[in-house]
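Before we start, here is the structure in question, set down as structure tokens.
The values are calculated or read from the model by the stated rules, or taken from the named source; none is laboratory data. In this text, all values refer to a predicted model and were calculated from it rather than measured experimentally. Here the Cβ positions follow ideal geometry from the backbone for every residue, glycine too, while neighbour counts run over all protein chains shown.
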Amino acid sequence: MKKSLIIAGLAASVLLTSSMANAATTATTNTDKKPAVEKQMPKKCDKQDKMKRPSIDERLKLTEEQKKQAHEIRMKGHEQIKPVFEKIKAKKQEIKEVAENTKLSDEQKAKKIDALEIDILKLKQEARKIRMQNTKEFEAILTAEQKAEFNKMKEEGRKMHMMKKHHAKKGPRGPQGPNRPAPQQ
């Protein structure tokens, strides 16, 4: 009886390893097929989607002069916000370096990371102020009808943002995890 169980176990392991090896070789030889995980991922922005949605210029029916002014406002805003984004990127890199620093205790790391996260929040607020100022400048070049349509567009955008926000699957406390204390302000 024991011999037959041992033989059955060996036969099962041989079959299992051969089927796993076969699956591995077919996975590496089928390079023209996309992996199943990739097929399940939704496309971020489909060209057809962009074609269906009219641009802001089209939807607001901007004149050529308004288009030119809007472009100048956008470029000015981009130049204002670019250094803020670079600072945010640098702070995020500092967080990564602190987290990887083996010379610091966990408490020291947490304090430094909290301080850096507060700096990032302040920078994000600064970027938001710049965006709001640019939006005000853009609204200043619009007619009353265009402003009404623009406000409608902003409300639609807020609704879409809230829908996406509620459907997002995040952990209990985001990337920090549930055990890390919230940053002190």
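So, in the stretch 85-134, of the ones that are modelled with pLDDT of 95 or more and among the polar types (S, T, N, Q), which residue ends up surrounded by the most Cβ atoms within 10 Å (Cβ to Cβ)?
Among those that are modelled with pLDDT of 95 or more and among the polar types (S, T, N, Q), it is N134.
Next question. Considering only the stretch 92-109, I want to know if a residue exists there that is touching a residue at least 40 places away in the same chain (Cβ under 8 Å) and either over 18 Å from the mean Cα position of the chain (by Cα) or outside any helix (DSSP H, G or I) (or both). Step through it out loud before you land on a result.
Start the filter on the stretch 92-109 by keeping residues that are touching a residue at least 40 places away in the same chain (Cβ under 8 Å), which leaves none.
No, the stretch 92-109 contains no residue that is touching a residue at least 40 places away in the same chain (Cβ under 8 Å) and either over 18 Å from the mean Cα position of the chain (by Cα) or outside any helix (DSSP H, G or I) (or both).
When the stretch 70-121 is examined, which residues are found to be among the acidic types (D, E) and out of contact with any helix residue (DSSP H, G or I) (no Cβ under 9 Å at 6 or more places or on another chain)? Before the answer, list the steps.
Our first condition is that a residue be among the acidic types (D, E); within the stretch 70-121, this holds for 72, 79, 86, 94, 97, 100, 106-107, 114, 117, 119.
If the condition is that a residue be among the acidic types (D, E) and out of contact with any helix residue (DSSP H, G or I) (no Cβ under 9 Å at 6 or more places or on another chain), then E72, E79, E86, E97, E100, D106, E107, D114 are the ones that fit.
Okay, moving on. Which of (1) surrounded by 13 or more Cβ atoms within 10 Å (Cβ to Cβ); (2) modelled with pLDDT under 90 is the odd one out, the single condition K165 does not satisfy?
The single condition K165 does not satisfy is (1).
Can you say whether E137 is among the acidic types (D, E), part of a helix (DSSP H, G or I) and touching a residue at least 60 places away in the same chain (Cβ under 8 Å), as far as the supplied structure shows?
Values: among the acidic types (D, E): yes; part of a helix (DSSP H, G or I): yes; touching a residue at least 60 places away in the same chain (Cβ under 8 Å): yes.
When the stated conditions are applied, E137 passes them.
Give I81, I118, I88 a once-over and let me know the one that is touching a residue at least 60 places away in the same chain (Cβ under 8 Å) and either of a type in the set (V, I, T) or within 25 Å of F138 (Cβ to Cβ) (or both).
One residue alone meets the criteria, I118.
Kindly indicate whether any position in the stretch 129-140 is of a type in the set (A, V, I, L, M, F, W, C) and under 18 Å from F85 (Cα atoms).
Of the stretch 129-140, the ones of a type in the set (A, V, I, L, M, F, W, C) are 130, 132, 138, 140.
If we keep only those that are under 18 Å from F85 (Cα atoms) as well, we get 130, 132.
Checked against the condition, which is being of a type in the set (A, V, I, L, M, F, W, C) and under 18 Å from F85 (Cα atoms), the stretch 129-140 yields at least one hit.
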